[in-house]
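Below is one structure, written out as structure tokens, with a few remarks after it.
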Amino acid sequence: MTASWFSPDFWKGRAKPVSSGGRGGAWFVDIEPPGMVLRHYRRGGMMARFAEKTYLFTGFEQTRSVAEFRLLGQLRSLGLPVPEAVAAIAWKYRLFWYRAAILVERIPNSVTFSDSDRLSDESLWAQLGQVIRRFHDNGLNHVDLNCDNILVTGDQLYLIDFDRCKLVPESENETDSAWKQRNLERLQRSVRKRCPGLSPSQRENLWQHLLQAYHRQPSH
């Protein structure tokens, strides 16, 4: 593997832009199954106007790509449903800045949560509540939990895109639940935005199934 793998041009026709979710800068790389996803790190919000693709460099170990690569390894070691990280890179840019990218294995035959043909199925929402609880019980604070970062494939659910996410120490996990509530509130806002095919009453009913399953899941 070389740095050229992190350029979509290297893959020519085998790299296809991801059409849903995110801020652009992601490609499906069509190689031997299961394939890969190439993602370039990009800012959102106001900061994107000034520095869309660059970040302050404080050392390679602190770069967003390396941090996410290591976190994915930790989450997989905990048995949590996440894709496997293939490789990560950070490029120094000028004197104080860097750009970054990551390659992860693609989840075969998956769609985003809001694109699932089971979206109106109460059992899918209950399953999602249980999955989120598993991550929370293991201390994972997913700061961008939204419909596009949840994949559905068959009877499995996966969480993806762990940029800026972190594992909360066990001592803090037991005493501070505010971050868990923020994760759920962010997801609920995403549901309202990304699931327009559901009526308000449907969304509320399905959301309650998610919450009931989330709170029923035993702590570890």
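The values are calculated or read from the model by the stated rules, or taken from the named source; none is laboratory data. Bear in mind that the values here come from a model prediction, so they are computed numbers and not experimental data. Cβ sites come from the backbone with ideal geometry, for glycine too, and all protein chains shown count toward neighbours. Side chains are part of the model used for accessible areas, which takes the heavy atoms of the whole protein and leaves out ligands, DNA and RNA. Shrake-Rupley method; radii C 1.70, N 1.55, O 1.52, S 1.80 Å.
Could you check the stretch 93-116 and list, in sequence order, the residues that are among the small types (Gly, Ala, Ser) and in a loop (DSSP other than H, G, I, E, B)? Hits for the stretch 93-116 are SER110, SER116. Among the residues here, ARG106 qualifies as touching a residue at least 40 places away in the same chain (Cβ under 8 Å), over 21 Å from LYS53 (Cα atoms) and of a type in the set (Lys, Arg). For the stretch 117-150, the tally of residues that are open to solvent by less than 10 Å² (accessible area, probe 1.4 Å) and part of a loop (DSSP other than H, G, I, E, B) stands at 3. Every test in (1) in contact (Cβ under 8 Å) with a residue 12 or more places away in the chain; (2) touching a helix residue (DSSP H, G or I) at 6+ places or on another chain (Cβ under 9 Å) is passed by ASP121 save one, and that test is (1). Of all residues in the stretch 70-87, those that are within 13 Å of VAL131 (Cα to Cα) and part of a loop (DSSP other than H, G, I, E, B) have Cβ atoms under 8 Å from Cβ atoms of residues that are modelled with pLDDT of 95 or more and of a type in the set (Val, Ile, Thr), 6 or more apart or on another chain, in PRO81/VAL131; VAL82/ILE160. What do you reckon, is GLU68 open to solvent by less than 20 Å² (accessible area, probe 1.4 Å) and within 26 Å of GLN188 (Cα to Cα)? Answer is yes for this residue. Taking the criterion of being open to solvent by 50 Å² or more (accessible area, probe 1.4 Å) and either outside any helix (DSSP H, G or I) or at pLDDT below 95 (or both), the residues of the stretch 183-214 that qualify are PRO196, GLY197. Here is the figure for the stretch 151-162: residues that are open to solvent by 30 Å² or more (accessible area, probe 1.4 Å) and in contact with a His (Cβ under 9 Å, 6 or more places away or on another chain) total 1.
Looking across the stretch 163-182, the residues that are more than 14 Å from ILE132 (Cβ to Cβ), in contact (Cβ under 8 Å) with a residue 40 or more places away in the chain and open to solvent by less than 90 Å² (accessible area, probe 1.4 Å) come down to ASP163, LEU167.
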